[in-house]
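Worksheet for the structure shown next.
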Amino acid sequence: MNRTKLSAQLFSLTALALLVTPGAAQQDDLKVYISADMEGVVGAVTGDQLGPGGFEYQRFREIMTNEVNAAIEAAREAGATEILVSDSHGNGENLLIERLPPDIQLVRSWPRPLMMMEGIDETFDAAIFIGYHSSTTNTEGVRAHTISSANLTAVRLNGVEMLEASINAAIAGDFGVPVVMISGDDAVVEEARRVVGDMEGAVVKWSLGFHSARTLMPEASYALIRERVGAALARLGDFQPYRMEGPVELEISFKNYMPAEVMAYLPIVERVDAHTIRFVGQDMTEISKFIAFTTRYGVGIAP
Ligand SMILES: [Zn+2]
């Protein structure tokens, strides 16, 4: 099954590369937001690539940076004049800042109220997700998790099971901004389209398990991302913002009992079951701040 998908993907990549005329659908003064994670970057499969302690981490910072630069280049070709990138993995300090173009801006480190979408507002025309992964409730996908690896077992908004891509799409949606393209493994591209709706997808690897994948080579991934970002921005009018009707009901299920027990001391939090709490926010900014608080706070946090 994976092999068939790989062939189809490579074929469509080649075919589209021949068919797409560069700059054919250029628009003026596009403002583009790029949220970059790392688990979905080409070749990344385990912690060896994903954090400062991993023996391949420094190399994969370069590969992640190259994927973001591929998206930036394609956005520019499509007419983007303003680009904001958020480094949204791990410590938020993965992208090699000196390797990014001088005329973009970068959001780094944590905490931040809008999490992986910090800086998005109604002036943006499109949002792009690079290096994303599937949700903690998905049986498929490399490093599948939602926000806090291994600590959360489900996140729901208005009763819908969320992945990071759909939470972030809902934040963008509150500002009227559609998500137009996502890259990552086959599982996240499928899940994001199923939950959020139509968007272009760049499948850069095929999940074989939580810590294994069959993967494209880096240069092929950069080419695919460039092509899919171009395809997305060429049909920008097709994409709808993903909107959560407010007030928004958030449910978070924890792996452990204690976060649910203690969070439910707050009068704004309801205990749904042993592992689950509920919070109602007026909009996605309130929801995002609540999630950021829940996953960051501990009395020992410093400075
Ligand atoms: Zn990540």
Next item on the list: Calculate how many DSSP beta bridges within region 75-187 are antiparallel, expressed in % of all such bridges and rounded to the nearest 5.
Entry: 20
Note to self: Taking every alpha carbon pair in region 44-110, what does the distance histogram look like in 10 angstrom bins from 0, in percent?
What the structure shows: 21, 50, 24, 5
Next item on the list: Sort the following peptides by mean Cβ neighbour count (other Cβ atoms within 10 Å, averaged over residues), highest first: 273-279, 54-60, 127-133, 78-84.
Entry: 127-133, 78-84, 273-279, 54-60
Next item on the list: List every residue whose amide H lies under 5 Å from the amide H of residue 181, counting only residues 5 or more places away in sequence or on a different chain, with H placed 1.01 Å from N in the peptide plane.
Entry: 129, 200
Notebook entry, point to check: Separation of region 203-228 and region 25-68 by C-alpha centroid, Å?
Noted result: 12
Next item on the list: Give me the number: length gained by fully extending residue 282 to residue 153, i.e. 0.36 nm times residue separation minus the C-alpha to C-alpha distance, one decimal in nm.
Entry: 44.0 nm
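Which of rounded, prolate or oblate describes region 89-130 when judged by the alpha-carbon gyration tensor and an a/c cut-off of 1.5?
Here region 89-130 falls in the oblate category.
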Next item on the list: Compute the normalised compactness of the chain: alpha-carbon radius of gyration over 2.2 N^0.38 Å, N being the residue count.
Entry: 0.96
Check: How much length, in nm to one decimal, is gained on full extension between residue 210 and residue 272, taken as 0.36 nm per residue of separation minus their Cα-Cα distance?
Finding: 19.4 nm
Notebook entry, point to check: Which of the GluC sites (Glu not before Pro) found in region 217-270 are in a DSSP loop and have at most 15 neighbouring Cβ atoms, other than their own, within 10 Å?
Noted result: 245
Notebook entry, point to check: How long is region 19-161 along each principal axis, judged by its Cα atoms, biggest number first, in Å?
Noted result: 43, 41, 36
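Any read-out appearing in this document is the output of simple, stated calculations on the displayed coordinates, not a laboratory observation. Since we're looking at a predicted model, the values are computed, not measured. For neighbour counting, all protein chains shown are included, and Cβ atoms are generated from backbone atoms with ideal geometry for every residue, glycine included.
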